[in-house]
Each structure stands twice: as C-alpha cells, then as structure tokens.
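To start, the structure itself, in structure tokens.
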Amino acid sequence: MTNLDQEVVTFILAGGQGRLNAITAERTVASVPFAGKYRVIDFTLSNCVNSGLFNIEVLTQYRPLSLHDHIRNGKPWGLDRLRGGVRLVSPYVGRQNKGWDRGTADALYQNMNDLLELQAATKTVLILGGDHVYKMDYGPMLEQHQATGADLTVGVVRMPVVQARRYGIVTVDDNKRVTDFVEKPEHAESNLVSMGIYVFRKEVLLERLIDDADDPESRHEFGGDVLPKMIAKGDKVLAYTFEGYWRDVGTLESYWQANMELLNENQGLQIYDRSWTIFTRSEERPPAVLGQDAKVDRSVISHGCQIKGQVVNSILSPGVVVEEGALVKDSIVMVDTVIGKNAVVNRSILDKAILVGENAVVGAEASDGKSALTIVGKRAVLPEGIKVGAGSKIGPGVAITDFDSLELAPGSEVEGKVLL
C-alpha cells in the first residue's frame, strides 16, 4: 500500500477511565505509566508512526489533562508537522449534541464534522483504542481491508477460551467473514477476541454512525452495537488475525500482569526491539544508581532511581527512591515515590509522588498466603510503622491524619478528608 498518510485517517479513543481504582482517579487509562518510563498511549501512537500513519486524532474525555500534557504537539513521535500530525479533541459545545460521549461509536459521531471534512483522497478510517499494549504494523491489515473490498475489517487475536470470555468474541467462516460477535459471553464459542481495532470504508462508517445515533436502544458502542448490526445487515465485515502480543490493561489485574510479563523475556512485550521503537515524552534525569548494599533481581529500574535497599521482580518508574533496608517485591512503583528505610512493599501498585514511611508494610500477605493487589493513589503519605493489609485501597492525596489506625485489615479502603 502506498501513501498511507493521505489515504488513511486514524482516530484513537483515549477517553476511558477503565477499572484501575485510585490509579485512574485523576487520569485516563491511556496516560497511566507502563513499563517504567512509558505511558499506555505511547504504544498505540508509536504503532501509528512506525506504520507510516501521521494523520491522527486522539479523542479524550475523562480527566484528559495528564494525557494532553504528555502528548502536547506530538514531537517525540514525529507528529509535530504542518500537514497531518496529531490533534487532541475533547467534548465541546457545538458538536452533534452538547453532552458527553455516550460510547465509543458516539465519540466518533460527535466528531462527524471532522470525518465529513476529510480530503477526497482519504478512503479509510482506522479506529484504535488507547488502553492496549502491543506492537503492530497496521499496514498488512489496511492492505487486506482494501484488497478484499471490506466495509469493515476487525482486528482479532487468539486467546485461550477460558480468558477469551472476558472480551468480545468474534466468530468467522472459512473466508474470514465475521458471522457473529458476542460481548463477554458466559461460554465462548470461539478463541478469537476483538482487539478494538476497526478499519472502515469512510462512507460506510458515516452511514453506520448516523444509524446508530438514531437508535434509542443503542449503547453507542462499536463492539456491542455497531458491529453486530453490520453483521445482521449483511455488510461485508472481515477479520484480520494479529499473531503478536496484545494486552488490554483496563483492569488492575491485567495492568499488573502485563507489567510483570515484561520481566520474562519469553512472555512479555519486547520493548528492546530497535526495529520498532516505542517513542515517549520523557524528561531528562540522571542515570539510576545502586548503593553498596543494594540488591536488584529481575526488575526494570528507570533513570533517576536511587536504590539502596532490595528490589525483586518489580517495575520502577523514573525518580523512585528505595532507602536502606527497604524491600520492594512483585510491585509497580511510579514516578518520584519514596520507600522509607526498612519498609516493605509487596504485590502493590503505588502511584507517583507517594511517601511510604520507615518500617511500613504495604501489601501485608494474608494468612492463607493469597495476596490481592494493594493500591496506593498519587501523592499519598503513609505513616511510619503502618501495616496495610493485602488488597487495600489508599486513595490519592491521603495524609497521615487520614489514618485512624496503624494496622489496616486486608481489603481496607482509606480516602482523604475533603478540606473546604
């Protein structure tokens, strides 16, 4: 395929909150840190530019400030250009209606004017999610779409049936034609899962968006509404099977697991592949430093980190400090968080700029040996000597005075007090 930049316009749906508890209390899933130095959106944006796609609109809604600040003019991805480039679009007065986007399909419908104003040369619309982690050249999928004359091509990936039922299940015939789509069925009839990647003929997309907007029973979602209706109508809907690594990181467990998989070179995403660079906006920091008593085992340590204690099977973002005698195990620790002397952090996700007091235990193992993920929100301060049981949730901005006890039972929740 030639002239991808002229023939294809890409929309990235990056307005979702997901189910990441305190981690997305103040940001969308797309702007959550991943693999230490990156944000989740970096993978989709990098896939686009590595595929030769430079005409991109990022549709945002839920708490977009962090995402807008990260992307800005798109320079790290080579998207700061006079023609094309990246444009960030949030809900605004004057669209098709004055409310919030009601679903993924409605997000596109609300920006119909952008679709109508596309150049005549633009024949294809690529729709991507902003909360997935993967490396993919979109070229072969776009080539299949045009060669087959499909109205819609859906990206799918194979997954064990026991896991597949958590997603949208796609059934295809021998000619790759999609014959059925079921959202999160109790019993999966196929091991093909929708990746949330859609390639539309522009004219068909416009027609189907209008049809969906006029349906009072619709939830206005591509997967749950538009796709099944197109199948029922007899539109030519084909599947494109992606054979590589793909993860939806919209839940706490899937986000944690995808990060942990990075530590297994035969299992996780290969981020050290020089032929497919993952671009990001990253501030300058000094190199990471390990003290004389530091011990690091199978972990990702980002620039600016200072390790004086022990880090095991963990992901540390830039600027994290692990003081003497402290242990971080099976955890994700984000930017500029400080783990105090002799503190323990176990199977936890700690957001940025958190202070864990000396001798604290975060994610204390349950008596049955099972440890649910412990979550600590941005800028929280945990007092010295506190014991936070596994599966607890500490909200953003929690202060020492917000704790009524220095021992939290497993599954406890603590929110900061509202100051007027």
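The values are calculated or read from the model by the stated rules, or taken from the named source; none is laboratory data. No experiment lies behind these values; they were computed from the predicted model shown. Because the Cβ atoms are built from the backbone with ideal geometry, glycine has one as well, and the counts that use them run over all protein chains shown.
Here are a few things to note about the model shown:
- Here is the figure for segment 258-290: residues that are of a type in the set (Lys, Arg) and either in contact (Cβ under 8 Å) with a residue 24 or more places away in the chain or touching a strand residue (DSSP E or B) at 6+ places or on another chain (Cβ under 6 Å) (or both) total 2.
- Count of segment 345-359 residues, restricted to those that are buried (at least 24 other Cβ atoms within 10 Å of the Cβ) and either more than 28 Å from the chain's Cα centre (by Cα) or not in a loop (DSSP other than H, G, I, E, B) (or both), is 5.
- Segments classed as strands (runs of 3 or more DSSP E), wholly inside segment 244-331, with at least 3 members that are within 27 Å of GLY357 (Cα to Cα): 295-297, 310-312, 327-329
- Residues in segment 384-402 that are assigned to a loop (DSSP other than H, G, I, E, B) and within 31 Å of the chain's Cα centre (by Cα): ALA390, GLY391, SER392, GLY395, PRO396, GLY397, VAL398, ALA399.
- Of the candidates ARG247, ARG281, the single residue that is among the charged types (D, E, K, R) and surrounded by fewer than 19 Cβ atoms within 10 Å (Cβ to Cβ) is ARG281.
- Any hit, segment 25-32, residues being outside the structural domain of LEU373 (by TED's automatic domain parsing), closer than 22 Å to ASP351 by Cα, without any contact (Cβ under 8 Å) to a residue 12 or more places away in the chain and not in a loop (DSSP other than H, G, I, E, B): no
- Subset of segment 43-67 (residues that are surrounded by fewer than 23 Cβ atoms within 10 Å (Cβ to Cβ) and under 15 Å from the mean Cα position of the chain (by Cα)): SER46, ASN47, GLN61, TYR62, ARG63, PRO64, SER66
- Residue ID - nearest to LYS329 (Cα to Cα), chosen from residues in segment 262-278 that are surrounded by 18 or more Cβ atoms within 10 Å (Cβ to Cβ) and either in contact with a His (Cβ under 7 Å, 6 or more places away or on another chain) or hydrophobic (A, V, I, L, M, F, W, C) (or both): LEU262
- Note on segment 175-225: residues that are touching a strand residue (DSSP E or B) at 6+ places or on another chain (Cβ under 7 Å), over 18 Å from ASP235 (Cα atoms), touching a residue at least 24 places away in the same chain (Cβ under 8 Å) and not in a strand (DSSP E or B) amount to 3.
- Restricting VAL312, VAL333, VAL328, VAL362 to those that are within 21 Å of the chain's Cα centre (by Cα) and among the hydrophobic types (A, V, I, L, M, F, W, C) reduces the list to VAL333.
- Check on ASN191, touching a Lys or Arg at 6+ places or on another chain (Cβ under 6 Å) and surrounded by fewer than 21 Cβ atoms within 10 Å (Cβ to Cβ): yes
- Among residues of segment 103-130, those that are without any contact (Cβ under 8 Å) to a residue 12 or more places away in the chain and within 25 Å of the chain's Cα centre (by Cα), counted: 0
- The lone exception for ASN342 - which of (1) part of a loop (DSSP other than H, G, I, E, B); (2) on the phi < 0 side of the Ramachandran plot; (3) not acidic (Asp, Glu) it fails: (2)
- For segment 21-36, residues that are over 14 Å from the mean Cα position of the chain (by Cα) and not acidic (Asp, Glu) total 2.
- Test: residue in segment 288-308 that is farther than 30 Å from TYR245 by Cα and under 24 Å from the mean Cα position of the chain (by Cα): no
- Residue list for segment 131-174, filter: part of a loop (DSSP other than H, G, I, E, B) and free of Cβ contacts under 8 Å to residues at least 12 places away in the same chain: ASP173, ASP174
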